[in-house]
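Down below is the structure, laid out as structure tokens.
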């Protein structure tokens, strides 16, 4: 399972660090992803990270402000959020991605598949 | 970023009805698309990845099809527990992008 923590009230321009604790599977074998959902809105992909932590991708609005990282020894995923903006107010979910591969003929490809999600942690940005 | 547009935004259908939700990409994405179901106050749940591969444990009344720019999620016989909002997610390129969601209501 995945359990997020670290949400709460963040000051505009300030910082928050979200954590996601994994259990029940070999954390180091999986890509991991952060997804957020503003109140009453749809889902927004935020960032993902490969198994070793050496490859990361971030949403354009988070580049330079958000940093995804992981500690495989602690079975934990993180999202460092700096320069908080009002529009960062949302529930933040972490999700596991087994990145399954499927083959068609001689061609195989890897896909995203966010198969286990945490319960989410709420971040509220206020002045 | 690739834009994902779902239609309809909402629908109301009866138990036993066949329901179809469409997701259109602003450019070709091969078969790099997943479908997720979200019920109020809960995290999303994976239904389908790679456009048509059903996640383990998901009922067979759910199916996905399409490639390129046009994709479909079909519920062959709507059940009471299928209410919720359905989202598509492209994983063809970064940043990944979700559709805006389709809210399904049971009549």
- line: Scanning the stretch A:4-31 residue by residue, those over 24 Å from residue A:85 (Cα atoms) and surrounded by 13 or more Cβ atoms within 10 Å (Cβ to Cβ) turn out to be A:21, A:22, A:25, A:27, A:28, A:30, A:31
task: Hey, could you check the stretch A:91-127 for residues that are at positive phi and surrounded by 15 or more Cβ atoms within 10 Å (Cβ to Cβ) and say which is modelled with the highest pLDDT?
output: A:120
message: Which of the strands (runs of 3 or more DSSP E) found entirely inside the stretch B:18-104 contain at least 2 residues meeting this: more than 17 Å from residue A:97 (Cβ to Cβ), more than 14 Å from chain A (Cβ to nearest Cβ) and touching a residue at least 12 places away in the same chain (Cβ under 8 Å)?
response: B:19-25, B:62-67, B:70-75
- request: Hand me the list of strands (runs of 3 or more DSSP E) wholly inside the stretch A:1-120 holding 1 or more residues that are touching a helix residue (DSSP H, G or I) at 6+ places or on another chain (Cβ under 7 Å).
  value: A:43-49, A:76-81
task: Have a look at B:34, B:16, B:57, B:84 and point out the one that is surrounded by fewer than 17 Cβ atoms within 10 Å (Cβ to Cβ) and within 26 Å of residue A:119 (Cα to Cα).
output: B:57
- prompt: Restricting to the stretch A:41-79, what's the tally of residues that are surrounded by fewer than 14 Cβ atoms within 10 Å (Cβ to Cβ) and more than 11 Å from every other protein chain (Cβ to nearest Cβ)?
  reply: 6
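The values are calculated or read from the model by the stated rules, or taken from the named source; none is laboratory data. Just so it is clear, the structure is predicted and the values come from calculations on it, not from any experiment. Please note: Cβ atoms are built from the backbone with ideal geometry, for glycine as well, and neighbour counts cover all protein chains shown.
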